[in-house]
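**Student:** Sharing a structure, written as structure tokens. Questions coming.
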Amino acid sequence: MSQKNVLKGVFLVALGATSYGMLATFVKMAYSEGFTTAEVTTSQFILGILGILLINAFQKAKHKENVVKATRKNIFSLMLAGTSLGMTSLFYYLAVKYIPVSIGIVLLMQTVWMGVLLEMILEKKLPSLQKITAVFIVLVGTVLATNIINNDIELDWRGIGWGILAAASFTATMFTANHVATEISSAQRSLYMLLGGAIIVFSFAFVTQNAPFNPAIFMKWGIALSLFGTIIPPMLMNAGFPLTGIGLGSIVSALELPVSVMMAFVLLNEEVIFLQWVGILFIILAIIIMNINFTKKGLINKL
């Protein structure tokens, strides 16, 4: 695979992770207005599916014969894989219901080492020293950026459990984005994965929503949540992960953390101390380390 394609994949995954980084703040704001997890996730997936349907219709009209149609096997595989997408949203939103957003982000960022570990198991070889170094820097930066050392709080075990489950399911989502039905368009893949995720989300809503469903969630927060949670990120990551590989892709997705911190700083007026900004710089440094060889090779090829 050419270095140009790898760098393109890094850019797409980075944008997708940036979008995901905005979600926790929006969810917290929705919770503060009395909306439930079931309402938040249901509105996100319904509007997200409608948005992806429109994108698929546009692509089909524009490209016509050039669009590779999904087979029944593709559809089944993607919907099955999409269940992890639905579980990621549910687990993560449940986590930040019981613990601070900063701690929830720390737990979700365990996808960094989970992704590299999964790649090591699947490819049956040890990760490179460069990748190990980047993972270590990301984890150090994660601790600093979330100010977890100075947080004198008692953590709710339910939030910790949901956070770890969110990280595991997100790792599974990244794996499927890299392996399942990569021959069809990212819009089609996103649609069928969302449909699979919707089965999980709607089942959860049916079981847990005791009070009447509040339709105000659709206009109030549903649009933002669907855009930054179910439309933009899956499309970008479905297009980017096949180019980066799950190990590099999971490290690049660490951008979600600094974005979350900055969103909390701007919209929730949370205090962000100097140590946290240092942590954000650490994470950016790790991403540069992961990609510096690509740049060097590119320069060598041009000489």
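**Student:** For the stretch 113-255, taking Cα atoms only, what is the radius of gyration to one decimal and the Dmax to the nearest whole Å?
**Tutor:** Values for the stretch 113-255 (Cα only, Rg and Dmax): 17.8, 54 Å.
**Student:** Scanning the chain for trypsin sites (Lys or Arg not before Pro) in DSSP loops with at most 16 other Cβ atoms within 10 Å, what's the longest stretch left with none? Walk me through the numbers before you get to the answer.
**Tutor:** Details: sites that count: Lys69, Lys124, Lys125.
Counting only loop sites that pass the neighbour cut-off, the longest clear stretch is 126-303.
**Student:** Follow-up question, since we're still on this one. Using square roots of five times the C-alpha gyration tensor eigenvalues, list the equivalent-ellipsoid semi-axes of the stretch 1-66 in whole Å, biggest first. The partial results should precede the final answer.
**Tutor:** On the way: eigenvalues 191, 88, 9 Å².
Result for the stretch 1-66: semi-axes of 31, 21, 7 Å.
**Student:** Take the residue pairs Lys4/Lys125; Lys4/Lys124; Lys4/Lys28; Lys73/Lys125 and return only those whose Cα atoms are more than 28 Å apart.
**Tutor:** Numbers: Lys4/Lys125 25 Å; Lys4/Lys124 26 Å; Lys4/Lys28 38 Å; Lys73/Lys125 30 Å.
Flagged as over cut-off: Lys4/Lys28; Lys73/Lys125.
**Student:** Separate question: Two-decimal Rg/Rh of the chain from alpha-carbon positions, Kirkwood Rh? Before the final figure, lay out the partial values.
**Tutor:** Details: Rg = 19.0 Å, Rh = 19.6 Å.
Rg/Rh: 0.97.
**Student:** Report the per residue volume, in Å³, of the convex hull enclosing the C-alpha atoms of the stretch 181-290.
**Tutor:** On the way: hull volume 15.9 nm³, N = 110.
Dividing the Cα hull volume of the stretch 181-290 by its residues yields 145 Å³.
**Student:** Please turn the phi angles of the stretch 98-107 into ³J(HN,Hα) values with the Karplus equation 6.51 cos²θ - 1.76 cosθ + 1.60 (θ = phi - 60°), one per residue in order, whole Hz, x for glycine and proline.
**Tutor:** Karplus values, whole Hz, x for Gly and Pro: 10, 10, x, 4, 4, 6, x, 5, 4, 5.
**Student:** What distance in nm lies between label points placed 7 Å from Cα along the C-beta direction at Ile288 and Ile121?
**Tutor:** About 3.4 nm separates the two model spin labels.
**Student:** Viscosity 0.890 mPa s, temperature 25 °C: Stokes-Einstein D of the stretch 79-160 from its Kirkwood Cα radius, in µm² per second?
**Tutor:** Values: Rh = 14.4 Å.
Here the translational diffusion coefficient equals 170 µm²/s.
**Student:** Further question on the same structure: log10 I(q)/I(0), Debye, Cα-only the stretch 159-209, no solvent, q = 0.20, 0.21, 0.25, 0.26 Å⁻¹?
**Tutor:** Taken in order of the listed q values, log10 I(q)/I(0) reads -0.84, -0.89, -1.02, -1.04.
**Student:** Here is a follow-up. How much space per residue, in cubic angstrom, does the convex hull of the C-alpha atoms of the stretch 170-236 take up?
**Tutor:** Numbers: hull volume 6.4 nm³, N = 67.
Enclosed volume per residue, from the Cα hull, is 96 Å³.
Any read-out appearing in this document is the output of simple, stated calculations on the displayed coordinates, not a laboratory observation. Because the structure is predicted, anything quoted here is derived from the model rather than measured. When we count neighbours, we look across all protein chains shown, and the Cβ atoms used for this are built from the backbone with ideal geometry, even at glycine.
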